[in-house]
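What follows is calculated from the coordinates using simple rules that are stated; it is not laboratory data. Please read all numbers here as calculations on a predicted model, not as lab measurements. When we count neighbours, we look across all protein chains shown, and the Cβ atoms used for this are built from the backbone with ideal geometry, even at glycine.
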Amino acid sequence: MAWLVLVLSGVMEAVWATALGLSNNFRRWRPTLVVAIALPASMLGLAYAMRSVPTGTAYAVWVGIGASLTVLWAIATKREAASAARLSLLVLLVGSVVGLKAVS
C-alpha cells in the first residue's frame, strides 16, 4: 500500500509543479487552486509512505516520478523540446527509480 501511495504522491508532485508553472506567480486562480490541493496531497502521501519505505528511497522515488512526469508533460504540450539526450536521461532516471524499488 505504501508503494502505491508513494507513486500517486509522485504523480501529485508533477501535477502541482506543472500547475505552479502555469499559475503566473499565483496570479491565475485555477492553477493556483490546483497547487493548493495537489501540493499538500503529495506531501501527505510522501509522509505516509515514509512510515514503511526508507526515507532516502521514498524521497528519490517521489522526486523521480514527479520530475519525469513533469518533463514528459512539458514535452507533450510543446513547452519544452524533446531531444535524444533528454529522453535518454529520462529513461535513466526512471530506471534508477525502478532499481531503488527493486533493491529496497
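Identification of helices (runs of 4 or more DSSP H) wholly contained in region 14-104 with 1 or more residues that are surrounded by 15 or more Cβ atoms within 10 Å (Cβ to Cβ) and more than 17 Å from the chain's Cα centre (by Cα) yields 29-49.
Cβ-Cβ contacts under 8 Å between residues 6 or more apart (or on different chains), taken from a first residue in region 83-104 that is touching a residue at least 12 places away in the same chain (Cβ under 8 Å) and within 17 Å of VAL63 (Cα to Cα) to a second residue that is surrounded by 12 or more Cβ atoms within 10 Å (Cβ to Cβ) and of a type in the set (Phe, Trp, Tyr), are listed as LYS101/TRP3.
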